[in-house]
Amino acid sequence: QVDTPEELYERPVNLFVAGFIGSPSMNFLPATLEGGTLHTPLGEVSLPDEQRSKVEGSGDGGREVVMGIRPENFEDAELVGDKKEHGSTLTVTIEVLESLGADKFAYFNVEGDRAQAKELEEIARDTGAELGTNQVTARLDAASRAKEGQELEVWFDARKVAVFDIESGKNLTL
C-alpha cells in the first residue's frame with residue numbers, strides 16, 4: 001500500500017499495514033463474522049451499516065476473521081457522552097495503567113484464543129512485536145478514573161473496527 005501516513009493509519013488495506021503502522025499498535029482479536037455481527041472476546045459487535053454492507057458480500061456466515069481496533073478507539077465509558085450508541089461497552093479489570101499526562105494507556109486481558117493469521121506471524125518474525133495476544137491496549141482520556149487492579153467499564157467505537165481475512169490479510173471493511 002502506497003499512500004499518505006494518515007490513510008495508511010486510518011484505512012490499512014491489510015493486516016500487515018495495520019500492524020506495522022501505529023504506536024501502540026492496533027489490537028488484533030479473533031472473531032467470527034456472521035452477517036454484520038462480530039463475535040469477539042470483547043462481546044458481540046454489530047457493525048455499522050456501511051461496514052456491514054462491505055463484509056456481508058465477503059463470504060458465508062460463521063467465517064473466522066481477525067478484528068482490529070486501535071487503542072484510541074477505546075474510552076472510559078463514563079466519558080463517552082452522546083456517541084455511546086456508536087459502540088459497545090464491556091467491563092474489564094485494568095492490569096496495567098500508564099499515565100502519560102494527556103492520556104492514560106490501560107492494558108487489560110480478554111478471554112479466548114489469540115488472533116492467528118499468516119500476516120501477524122510475518123510481522124512478529126520481521127519486527128519481534130507480538131501482535132494478536134489476549135492483552136488489549138486502550139488509550140483513555142486523562143480524566144478517566146481508571147485504576148490498576150480495579151474494574152472499569154470501557155467503550156469502543158464500532159465504527160472504527162476493521163475486519164481482516166485470516167488467509168489473505170485483506171481488510172474486508174474497505
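Things to note:
- In the context of the full protein assembly, Arg114 retains an accessible surface of approximately 90 Å², using a probe radius of 1.4 Å and ignoring ligands and nucleic acids.
- Inter-label distance for Glu34 and Arg145, nm, one decimal - labels placed 7 Å from Cα along Cα-to-Cβ: 3.7
- Here the Karplus relation 6.51 cos²θ - 1.76 cosθ + 1.60, evaluated at θ = phi - 60°, turns the backbone of segment 156-169 into coupling constants of 9, 7, 5, 5, 9, 6, 10, 10, 10, 6, 5, 6, 8, x Hz, with x for every Gly and Pro.
- Sorted largest first, the principal axis extents computed over the alpha-carbon atoms of segment 114-174 equal 40, 28, 17 Å.
- Packing here is the average count of other Cβ atoms within 10 Å per residue, and on that basis the peptides 13-20, 47-54, highest first, run 13-20, 47-54.
- Computed from backbone phi with θ = phi - 60° and the Karplus coefficients 6.51, -1.76 and 1.60, the 3J(HN,Hα) list for segment 113-122 is 6, 7, 5, 10, 7, 4, 5, 5, 5, 5 Hz; x is used for glycine and proline.
- Cut-off under 5 Å, modelled amide H: who pairs with Thr173 long-range: Val163
- Cα centroid separation - segment 83-123 against segment 127-148, whole Å: 5
- Principal semi-axes of the equivalent ellipsoid, √(5λ) from the alpha carbon gyration tensor of segment 22-90, are 22, 15, 11 Å from largest down.
- Remark on Arg63: its backbone amide H falls under 5 Å from those of Leu33, a criterion applied only to residues 5 or more positions apart or on other chains, H modelled at 1.01 Å from N.
- Convex hull volume per residue in cubic angstrom - Cα atoms of segment 12-129: 132
- When the Cα gyration tensor is reduced to axis lengths a ≥ b ≥ c, the ratio a/c is 1.5 or higher for segment 92-136, and with a/b not above b/c it is classed as oblate.
- Accessible area of the chain divided out per residue, in Å², using a probe of 1.4 angstrom: 51
- Taking 0.36 nm per residue of sequence separation and removing the Cα-Cα distance, the Glu153/Thr127 pair yields an extension gain of 6.1 nm.
- The modelled label-to-label distance between Gln135 and Glu167, using points 7 Å beyond Cα along the C-beta direction, is 3.3 nm.
The values are calculated or read from the model by the stated rules, or taken from the named source; none is laboratory data. Small disclaimer: the values here were computed from a predicted structure and weren't measured. Don't worry about glycine lacking a Cβ; one is built from the backbone with ideal geometry, like all the others, and counts go over all protein chains shown. All accessible areas refer to the heavy atoms of the entire protein, side chains included, with ligands and DNA or RNA removed. Shrake-Rupley method; radii C 1.70, N 1.55, O 1.52, S 1.80 Å.
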